[in-house]
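S.K.: Could you have a look at this structure, given as structure tokens, before my questions?
Every number here is computed from the coordinates shown, using simple stated rules; none is lab data. Bear in mind the structure is a predicted one, so any value in this text is a computation, not a measurement. Here the Cβ positions follow ideal geometry from the backbone for every residue, glycine too, while neighbour counts run over all protein chains shown.
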Amino acid sequence: MAKKPNPIDREEADHLAVLIDADNAQPSVIEGLLAEVAKFGVASVKRIYGDFTSQRLQGWKQVLLKHSIHPVQQFAYTSGKNATDSSLIIDAMDLMYTGRFDGFCLVSSDSDFTRLAQRLREAGLTVYGFGERKTPDPFVQACDKFIYTEVLRQEATEPEKAEPAKPAGKAPAKSAAKAVAAPAEKPKAPQQVPRKLLNQAIEEAGDEEGWAHLGAVGSYLNKLRSDFDPRLYGHRKLSELFKAHPKWFELKELASSAGGKDLYVRARAA
């Protein structure tokens, strides 16, 4: 009888609480978001907050059922005021005081959660933020790690194939009445590579000859900029980002004590 694969060891993995602000998040990112969360630990709690009687949030319904996300209904007490933020913050503090969690994933582009992120970190918990590029910098830097959801949306969406061109000729009369589909949204162009920031990270982690272990460089970048992500510059991995610019960086592999190979990077002279 074939042996079944072992499930994720929930005792060893970090236990995370995923709290989503439905007013400031899009259903289209949820699959990529949960896949990203899985890199950091187990999503023991998944909750989303909003007024789901509003037509604006109806797109979340099927997503919640599919991914077993618990909706927390929050009616707006006063027009123009957002009661969702307060409900999410109260729940976050309640969960923090249980002592059962290693970290929180806050999904929002709202700077009102800046102090919440700071408070959770003060309690010794890791905070992962998820939001759009419009997210104010104070909230971004209040998190240990911040991931822009545009990156997750682009990874989850496959480019549509163009329809074959129809032969020239008079189109049928009915075709004139058909609505023309809106073109698919084009992914945003990669940002300019932050060469100065990368050089700084290499210098801080490097030895006397300038060589720095790739893992140490990545750790320093995340500490310096919580939103640093090689995917913003068109590459899935940090090593791919360095390899794509041989005029600026050189890499080498050395045997590790564990029997594998470690990658080292050095900045070339300007």
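S.K.: Where Lys and Arg each count +1 and Asp and Glu each count -1, what net charge lies around I89 among other residues with Cβ under 12 Å from its Cβ? Don't jump to the answer; show the numbers that get you there.
M.R.: Details: positive: R115, R119; negative: D21, D85, D91, D94, D110, D112.
With Lys, Arg at +1 and Asp, Glu at -1, the net is -4.
S.K.: What distance in nm lies between label points placed 7 Å from Cα along the C-beta direction at H70 and A83?
M.R.: So the label points at H70 and A83 sit 2.0 nm apart.
S.K.: What FRET efficiency would be calculated for the residue pair K261, A38, taking the C-beta separation as r and a Förster radius of 22 Å, to the nearest 0.05? Walk me through the numbers before you get to the answer.
M.R.: Values: r = 26 Å, r/R0 = 1.20.
Efficiency, rounded to the nearest 0.05: 0.25.
S.K.: For K243, what charge total do you get from the other residues with a beta carbon under 14 Å from its beta carbon, if Lys and Arg give +1 and Asp and Glu give -1? Spell out each step's value before the answer.
M.R.: Numbers: positive: R236, K237, K247, K252, R266, R268; negative: E240, E250, E253.
Net of charged neighbours comes to +3.
S.K.: Compare the peptides 48-57, 135-144, 191-200 by average per-residue count of other Cβ atoms within 10 angstrom and give them in order, highest first. It would help to have the intermediate numbers written out before the result.
M.R.: On the way: 48-57: 16.6, 135-144: 18.8, 191-200: 14.1.
Most protected by this proxy first, the peptides run 135-144, 48-57, 191-200.
S.K.: At a Förster distance of 22 Å, what's the computed FRET efficiency of M93 paired with L57, Cβ-Cβ distance as r, to 0.05? Don't skip to the end; give the middle numbers.
M.R.: Working: r = 24 Å, r/R0 = 1.09.
After rounding, the FRET efficiency stands at 0.35.
S.K.: Another question about this same structure. Starting from the Cα of K223, step 7 Å along the direction of its Cβ; do the same at A13; then give the gap between the two resulting points in nm.
M.R.: Each label point lies 7 Å from its Cα, and together they span 2.8 nm.
S.K.: So how do 62-73, 112-123 stack up, highest first, on mean other-Cβ count within 10 Å? Walk me through the intermediate numbers first.
M.R.: Details: 62-73: 13.6, 112-123: 18.1.
Answer by packing, highest mean first, reads 112-123, 62-73.
S.K.: For each pair in K134/K196; K223/K247; K46/K196; K134/K252; K39/K61, compute the distance between the two Cα atoms and list the pairs where it is over 29 Å. The partial results should precede the final answer.
M.R.: Numbers: K134/K196 23 Å; K223/K247 26 Å; K46/K196 38 Å; K134/K252 37 Å; K39/K61 25 Å.
Result: K46/K196; K134/K252 exceed 29 Å.
S.K.: For K46, which sequence-distant residues (separation of 5 or more, or a different chain) have an amide H within less than 5 Å of its own amide H, given hydrogens modelled in the peptide plane?
M.R.: For K46, the qualifying residues are V18, H70.
S.K.: Run the quick spin-label model on R236 and E31: label points 7 Å from Cα toward the beta carbon, then report their separation in nm to one decimal.
M.R.: Computed distance between label sites R236 and E31 equals 1.6 nm.
S.K.: Counting just the Cα atoms, what span does the range 15-156 cover along each of its three principal axes? Round to the nearest Å and put the largest first.
M.R.: Computed over the Cα atoms, the extents are 38, 36, 28 Å.
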